[in-house]
Amino acid sequence: MPPLRTALLQSSGRPGAVAENLKALDEAAARAAASGARLLVAPELFLTGYAIGDAVPELAEPADGPGARAVAEIAVRHGLAVLYGYPERDGERIFNASQLIGPDGASLANYRKTHLFGCFEQEWFTPGEQTVVQADLDGLRIGLLICYDVEFPENVRAHALAGTDLLLVPTAQMHPFQFVAESVIPVRAFESQMYVAYVNRTGPEGEFEFVGLSCLAGPDGTVRTRAGRGEELVIGEVDPEFLAASRAANPYLNDRRPGLYGSLA
């Protein structure tokens, strides 16, 4: 099975300007496809922007809303899967969500952030209740989390036990927490034996300052590709053969003793 070439779009787009953000996503998809990528990952709440405050209810839409249809057209036009973040409306509730659209335009998975960070998210969003959401793409099992979720090792380990090969983490990581991108993400990839694509916003946005540093970390704990602090599209490869060899050599998952951990829950 060939490696899955994966493109990480580090950008904050234009907060509140959905059409502009879709245009930026389309341009990034064209560049990613030209590089041979089969998957493009955009940051948390990329469709609308993160620091949108009172506009959250107005900009939120269903999982099959106009934004999803526009992203599906982008995916089909460029022949690659696209993961994007957006505020999802479900009745009276609004979720901080991400959706994976396949190269054929079909929705492969929709995930609702389970661990909300800070006053802004806790005011406007309802926490999701499903920890492990997965889809299959080009022979790999893809898992979804969002930003703060990945900082809880239990979440990532749950994905490892469910067979996730590549964990996609659209994020809005802000100053002064850049150590998460620099140190935590490679450790998560190593301790749970998977690839982790951590894709951040960048620059000032409202009261926030996003730090960039998006990365693709491998199961050996090394970073395969890393963005800087500005707008950037970086490409990395998820190698199934290397993943299998790493899992065979690393005993973490086999050496677990779940009976000792009951008190953690």
- prompt: Within the chain, what is the longest stretch that has no GluC sites (Glu not before Pro) placed in a DSSP loop and near at most 14 other beta-carbon atoms within 10 Å?
  reply: 1-91
query: Considering only DSSP beta bridges whose two residues both sit in the chain, what percent are antiparallel, to the nearest 5?
result: 70 percent
- prompt: Between L161 and T222, what is the FRET efficiency for a Förster distance of 35 Å, r being their Cβ-Cβ separation, to the nearest 0.05?
  reply: 0.90
message: Relative contact order for the chain: what percent, with Cα pairs under 8 Å and sequence separation of 6 or more?
response: 19 percent
- prompt: In the stretch 82-100, which residues have a backbone nitrogen under 20 Å from the label point lying 7 Å from A19's Cα in the Cα-to-Cβ direction?
  reply: 87
- request: Sum -39500 (n - 2.57) across every DSSP H segment of at least 4 residues in the chain, then divide by the residue count to get the 222 nm mean residue ellipticity, nearest 500.
  value: -7500 deg cm²/dmol
For the chain, the fraction of alpha-carbon pairs in successive 10 Å shells from zero, as %: 7, 34, 38, 17, 4, 0
- prompt: Using θ = phi - 60° and the Karplus form 6.51 cos²θ - 1.76 cosθ + 1.60, what ³J(HN,Hα) does each residue of the stretch 4-10 get, whole Hz, x for Gly and Pro?
  reply: 8, 6, 10, 9, 10, 9, 8
task: For the stretch 88-99, just list the computed ³J(HN,Hα) in residue order, Karplus coefficients 6.51, -1.76 and 1.60, θ = phi - 60°, integers in Hz, with x standing in for Gly and Pro.
output: 9, 9, 9, x, 8, 9, 10, 10, 7, 10, 9, 10
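Of all DSSP beta bridges located in the stretch 3-128, what percent are antiparallel, nearest 5?
Details: 14 of 21 bridges.
In the stretch 3-128, DSSP labels about 65 percent of beta bridges as antiparallel.
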Estimated inter-spin distance, E73 and A106, nm [label 7 Å along Cα→Cβ]: 2.2 nm
- line: Ordered by number, the chymotrypsin sites (Phe, Trp or Tyr not before Pro) in the stretch 160-265 that occupy a DSSP loop and have at most 16 other Cβ atoms within 10 Å are F177, Y252, Y261
query: Which of the DSSP-defined H helices in the chain satisfy a minimum axial length of 15 Å, computed from C-alpha atoms, and a minimum mean Kyte-Doolittle hydropathy of -0.5?
result: 18-34, 66-78
message: Between the stretch 30-51 and the stretch 203-245, how far is it from one alpha carbon centroid to the other, in angstrom?
response: 13 Å
- request: Quote to one decimal, in nm, the extra length available between S263 and R229 on full extension: 0.36 nm per residue of separation minus the C-alpha distance between them.
  value: 8.2 nm
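Since every read-out is calculated from the coordinates, none of them should be taken as a lab result. Keep in mind that this is a model prediction, so the values were computed, not measured. Using ideal geometry, Cβ is built from the backbone for each residue, glycine included, and neighbour counts are taken over all protein chains shown.
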